[in-house]
Amino acid sequence: MWRNARRGLKRVWIPVILRVWPLARLWYRAWGLTLDGNPGDDVWYFTYGANMHDSAFRERRGMRPEEWRAGRITGYRLRFNLEGRPRGRAAPANISPDGDAEVWGVLYRLSRRELVLLNASEGIPGWRYRPLRIAAEDIGGNPLSAVTYVADGKDRDGHPSLRYISLLRDGARAHGLPAHWISFLESVEHAE
């Protein structure tokens, strides 16, 4: 019952809540998350999945980043261990801790208000992804503090759909990610 009430409240009030900062803070607190800072503060967002592609990030999600840079995080590895659609035949990207690995992606500079809107488009706060504050660096080696998304995935990896992995590959090329990372993405088998 509580879950259905949250869903209904989310559909009706989210547009209002996200535009009124004190309400957004209360909404996050109700989900056990904190919303620090002011709406106009700059925040770096690190994406390793479909949001690397402009059709997903700019067109579908309506984001207008002030700046972008190719970048990476260390101590994590890219996984495809989430349940996607169609169920059992597609696995979206996720990250898991791995001290010997790195994940390349795109760093976008957004306002905190835009990040909250992006969060809502990804179901945050909610049951799937949760925001994670991480240390990142851009392709020039400059350190940045960023936010990314992580979810509790399955133990075994699946295969992303051809459409999904194509978004990652095309987004990586368009944003100038290193050749070794693009080769890695090319080697990922897609679901049939």
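For segment 91-192, what is one quarter of the convex hull surface built on the Cα atoms, given in nm²?
The Cα convex hull of segment 91-192, projected and averaged over all directions, gives 7.5 nm².
Cut-off 10 angstrom, C-alpha nodes, Gaussian network model of the chain. Which of Thr34, Thr47, Thr148 fluctuates the most?
The residue that fluctuates most here is Thr34.
Picking from Tyr48, Tyr149, Tyr28, which is most flexible by a Gaussian network model of the chain using Cα springs under 10 Å?
Tyr28
Quick one: angle between helix 112-121 and the longest Cα principal axis of the chain, in degrees between 0 and 90, rounded to 10, please.
80
Tell me, what is the FRET efficiency for Arg77 and Arg25 to the nearest 0.05, using R0 = 35 angstrom and their Cβ-Cβ distance as r?
According to the calculation, E is roughly 0.55.
Taking every pair of alpha-carbon atoms in segment 59-130, what share in percent sits in each 5 Å bin, from 0 to the bin with the longest distance?
4, 13, 15, 21, 25, 16, 5, 0
By the scheme Lys and Arg +1, Asp and Glu -1, what is the net charge of all other residues having a beta-carbon under 12 Å from that of Arg77?
-2
Between beta-carbons, use under 14 Å as the cut-off and find the net charge around Gly141, counting Lys and Arg +1, Asp and Glu -1.
Computed value for this residue: -1.
Specify the residue with the greatest mean-square fluctuation among Ile182, Ile165, Ile95, computed from a Gaussian network of the chain linking alpha-carbon atoms under 10 Å apart.
In this elastic network of the chain, the residue with the biggest mean-square fluctuation among Ile182, Ile165, Ile95 is Ile182.
Roughly how tilted is helix 21-30, in degrees to the nearest 10 and between 0 and 90, from the longest Cα axis of the chain?
80
Find the Rg to Rh ratio for the chain, where Rh is the Kirkwood radius over alpha-carbon pairs and Rg uses the same atoms. Mind showing how you got there, number by number?
Working: Rg = 16.6 Å, Rh = 17.3 Å.
The Rg/Rh ratio comes out at 0.96.
For segment 25-76, what is the Kirkwood hydrodynamic radius in Å, using each pair of distinct C-alpha atoms?
By the Kirkwood definition, the hydrodynamic radius is 13.5 Å.
What nm distance separates the two modelled labels at Arg64 and Ser121, each placed 7 Å from Cα along Cα→Cβ?
Reported label-point gap for Arg64 and Ser121 is 1.3 nm.
Count the net charge of all other residues whose Cβ sits under 9 Å from the Cβ of Val43, scoring Lys and Arg as +1 and Asp and Glu as -1.
-1
Throughout, read-outs are computed from the coordinates displayed, never taken from laboratory work. Because the structure is a prediction, the values reported are computed rather than measured. Cβ coordinates were reconstructed from backbone atoms using ideal geometry, including for glycine residues, and neighbour counts include every protein chain displayed.
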